[in-house]
Structures are given as structure tokens and as C-alpha cells.
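The next block holds one structure in the form of C-alpha cells; read it before the comments.
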Amino acid sequence: MKRWIEYLLETDPGQKLTSWLFLRLLAIVYFIAFASLSVQIVGLVGPDGILPFEQAAQEGLARFGSRAWWMFPSIFWLDASDAALQCATWAGALLSIVVFLGYWQRTALTLMFVLYVSLLTAGQTFLTFQWDILLLESGFFAIFLASNPSRLVIFFFHWLLFRLRFLSGLSKILSGDPSWANLTALNYYFETQPLPHVGSWYAHHLPEAVLRFGTGFTLFAELIVPFFIFMPRPFRITAAIITTILQLLIIATSNHNWINILTIVLCIFLLDDRIVSRVMPRTLVKAIIERTPRIRWPSGVALMAFGFAVFATSLASFYVRVLGQPVPPAVEFPADVVRHYGLGHIYHVFPTMQTERQELEIIGSMDGRHWRPYLFKYKPGPLDRAPKFNVPHQPRLDWQMWFVPPHFPDQMEWFDRFMEKLARGEKKVTALLEKNPFPDRPPRFLRVAVWRYHYTTPAEREQTGNWWKREFLGFYPDTRPRRP
């Protein structure tokens, strides 16, 4: 047993260069994530924001008592002021630069993990997305990678990438969505995704055969290719190539912040030093290869303990997702604790496909007769405005607006609070918008028009200059919920 444990904790001789490269690329992704939040966190969850964390924390204490402290892990229990939230994002960005430069990496990665978990908790509905938990789990295992790229930590990165890819494909099958079953998902995806960009418009008008092939290729890349991760070297390299190609195609046709970049970065561990050494300076390769990290038993034992907890939690999540049955309470409670730290979650990228695009247009008036629209920075609005490219930035408010038309209660709750902030003219909230039509004082009346948006055809765009066309559906919430 001891020899087996020592083998797992030994440095993987073929992953020294890949580990060195991964840590620096992960630092870039961390920097993007923190920097993106720095320009919006105050308006989202600051004391005067849409969902103030101070209020959520008090509600959590009233509901769960002292359990709220571990159920909502965050340093912002101590201080959730604008300054504290802002400083956390800046500190995270600074620490990512430290990691990139190669200084105090394990300490800096630990602090970044703590900061991002805290922001995830404070962000509430605005930070409950798969790229956030993917970054956290990547960052968590990177803490152990910084001290020693052992075989065990490399396995945990392989397992993370496998879960991300395979479960995304499996969720499409288990959902029973007909558009995935009949290979028509891409007929709708480019038009109905949360935040399309110009490339989405062009992709939407590709020939039917190309769109069907793209849907089939996506399913192949998510259901079959992930198993290559645990197969011999040629298969792993093939998995890296196919996964990377798909991520680049997604970036070219969709706005999905940094998740596709991080997925590509995770593919580095499917390669090895023989490949990576070809694109790195020889002197640097020699310096990295000659390093001989020693097994530090405290770190190794911590990796085994925490890694097992994350692995077991991910298996429990897998079990619930596939079989649709709860796990025993003795398993669910510790798994729930682990998941509160952004670890061991399930992944399910676009399990169902929307077949129509509903856009909400918030309009205000001083007299009830003349109405002016609030303009968002990235989501579709004016018909002649080209869909914007925002990768790798994640505009949280614009993205969240896509989830309101289905009328789910949790989404309606935050949206109601958002409308209240607009009615008061709260500047920290209106700063999240591209244009506030009432900069001096808030309007007396507010309402929300619901439109069905479609892309124009190439001929229509050439004639009108518009990227979109639309039809009026009514006023929210007195409209039919979008389904799915």
C-alpha cells in the first residue's frame, strides 16, 4: 500500500512542462475572472446593488442559524461593503500576476481560491454558473500542482475534464430534448443563445447539412471523445485536438466568457512534455526539467484527503444526475458541504435548446406617453446594432436577463429587485447598463416590453442594415413563459 501511495504522489515525469505551462495559463484565466468581476460586483451585490450580500447573509442566519457560516462560505461575512468587494477582485487579479510570474504560487493560489469562493457565495444568482465552479475546481487542484505535479493530481485534472465534457453530452441525451435527438439543435442555438455575437449571425445562416453535422460533431466530442482521456497517448492527443477545435469553433460563434479558454487549458494535461517542449525555449525547458520536487507528505496526505472528498462528491452528483435518485443522507450531507465550496459539481452545458428568442426591453416614462428604453451593453437591443463580441469578459447582468422570460420564481425575484433599483435611479446599478435614459432623476413609470427576436436574412440585412427583426408579444409578466 505504501509503495502504491508513493507512486501516486511521485512527480509525473512527463508532466513537468505541462504543469509549468498550465499554472501560468490558469493565472491568466483567474486574472480575467477577477478583472471581469471588478467592474460589476458593486452594482450586482454591493450594499446598494441588485442583491446585496449583507441582506442575503442576514436572511441566511435567520433561516439556518450558525449553519449558514459553512453553507455560505465567504470572507464577506466580516465585511460586505463596496470597498471590501472591490478590493477582493483587485487582490485576486494581483495574486494571479504573482502566480504567472512564478512567485509564492501555492500561497497565492490558495488565497485566490478563498477569494473566488467568497465572491461565488456573495454573487448569489449572478455567480452560480458552470464556468465559476470549473475555475474553482481547477484552482483548487492547482494548489497541489504548484508544489509537485504528481500522478495523482494529474489524474484529478483528467477526471475534471472528463466530467465537464462527458456530462455535458450525457445531459443532452437524458433531457430528451428533440433538437439534440434529431440533430437540429444548431438550427436554433446561434439565434437563441444568451449573448450572441456577429459570428453567431453568420453561423446561423450556414447550410442545413453543415448545422446538422455540427450538432453530430458536438455529441461525438462530448459523449465519445472524453473516454480517450484515460486511453493510451495517441488517443489522449486526439482528445486534446478535437476538444480544442470545438472550443475554438464555439468562441468563433458564441459569447461564453472564459469557459472555452479554460477547457483548452485543461487539455494541456492530455499532452506531455515531449510535445510542449517543442514550443518552449530550450533553456527554459532544461531549467524546468532539472527541478526535482520532493514528496512532501503533509501536502500529499492533504491531496489524498481532499481529492477523495471531491472525487466522492462528484460521483454522488453523477449518481443523482444519471439515475435521478437521491443518495443516502450519510453521503449527501458531506457532499453538500464540499459542493458549497464549488467542488464536485455536475456539468450540463445546454442540455435543452431554446427554439425562440424572447427579449425584454425595459422602458421608462415621465408622463406615461413618451417611453424611452434602457440599453444594455451586450444583450440584443436596437435592431441595427451588431451583436457584440465580449469574450473573455462575462457581463453578469446581461447574461442573467436571458433567464427571466421563462418566469421561474428565483429569476423573477432578482429581476423585481433590479426594477426597484431602476425606479430609484440607483447609480451603481444603472452603471451596469450602456445607457440610462434618465440620468438626472428616475422615471415616474416603468414597464417591460417582451419581443420575439429573429435574425434577419442576408437579403434583409443588405436592404435594411438590421441584424435583427422582432415582433411584440406583450408586457412582462403578462406574457406566455418561454419554454424550454
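The values are calculated or read from the model by the stated rules, or taken from the named source; none is laboratory data. All values reported here derive from a predicted model rather than from experimental measurement. In this analysis, Cβ positions are derived from the backbone assuming ideal geometry, glycine residues included, and neighbour counts consider all displayed protein chains.
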Answer yes or no as to whether residue 210 is under 30 Å from residue 385 (Cβ atoms) and either exposed (fewer than 15 other Cβ atoms within 10 Å of the Cβ) or not assigned by TED's automatic domain parsing to the domain that holds residue 31 (or both).
yes
Being farther than 22 Å from residue 37 by Cβ, more than 25 Å from the chain's Cα centre (by Cα) and surrounded by 17 or more Cβ atoms within 10 Å (Cβ to Cβ) narrows it down to one of 424, 452, 385, 461, so name that one.
461
Have a look at 76, 72 and point out the one that is under 24 Å from the mean Cα position of the chain (by Cα) and either within 26 Å of residue 430 (Cα to Cα) or without any contact (Cβ under 8 Å) to a residue 60 or more places away in the chain (or both).
76
Got at least one residue in segment 417-435 being outside any loop (DSSP other than H, G, I, E, B), among the β-branched types (Val, Ile, Thr), assigned by TED's automatic domain parsing to the domain that holds residue 368 and touching a Leu at 6+ places or on another chain (Cβ under 6 Å)?
no
Write out, first by first residue and then by second, each pair whose Cβ atoms fall under 8 Å of each other, whose residues are 6+ apart or on separate chains, and whose first residue, in segment 35-53, is surrounded by fewer than 19 Cβ atoms within 10 Å (Cβ to Cβ) while the second is in a loop (DSSP other than H, G, I, E, B).
47/80; 47/81; 48/426; 52/46; 52/80
Regarding residue 29, is this residue touching a Pro at 6+ places or on another chain (Cβ under 6 Å), in a helix (DSSP H, G or I) and at pLDDT 95 or above?
no
Count, please, the residues in segment 1-20 that happen to be out of contact with any strand residue (DSSP E or B) (no Cβ under 7 Å at 6 or more places or on another chain) and surrounded by 19 or more Cβ atoms within 10 Å (Cβ to Cβ).
6
Go through segment 156-210 and tell me which helices (runs of 4 or more DSSP H), entirely inside it, have 3 or more residues that are under 23 Å from the mean Cα position of the chain (by Cα) and touching a residue at least 40 places away in the same chain (Cβ under 8 Å).
185-192, 198-204
Segment 54-66, residues that are under 25 Å from the mean Cα position of the chain (by Cα) and either on the phi > 0 side of the Ramachandran plot or touching a residue at least 60 places away in the same chain (Cβ under 8 Å) (or both):
56
Specify the residue that is modelled with the lowest pLDDT; the eligible residues are those in segment 103-142 that are β-branched (Val, Ile, Thr) and more than 19 Å from residue 159 (Cβ to Cβ).
128
Flag for residue 305 being part of a helix (DSSP H, G or I) and either of a type in the set (Asp, Glu) or crowded, with 16+ Cβ neighbours inside 10 Å (or both)
no
What are the residue pairs meeting all of these: first residue in segment 295-309, first residue assigned by TED's automatic domain parsing to the domain that holds residue 10, second residue aromatic (Phe, Trp, Tyr) and assigned to a helix (DSSP H, G or I), Cβ atoms under 6 Å, and 6 or more apart or on different chains?
303/144; 307/156
Selection within segment 336-358 - of a type in the set (Asp, Glu) and either farther than 19 Å from residue 402 by Cβ or buried (at least 20 other Cβ atoms within 10 Å of the Cβ) (or both):
336
Checked pairs for segment 465-478, first without any contact (Cβ under 8 Å) to a residue 24 or more places away in the chain, second basic (Lys, Arg), C-beta under 8 Å and 6 or more apart or across chains, list as 471/452
Step by step: first the residues of segment 308-335, then only those that are more than 26 Å from the chain's Cα centre (by Cα) and surrounded by 11 or more Cβ atoms within 10 Å (Cβ to Cβ), then the one that is farthest from residue 149 (Cα to Cα). Which residue is that?
327
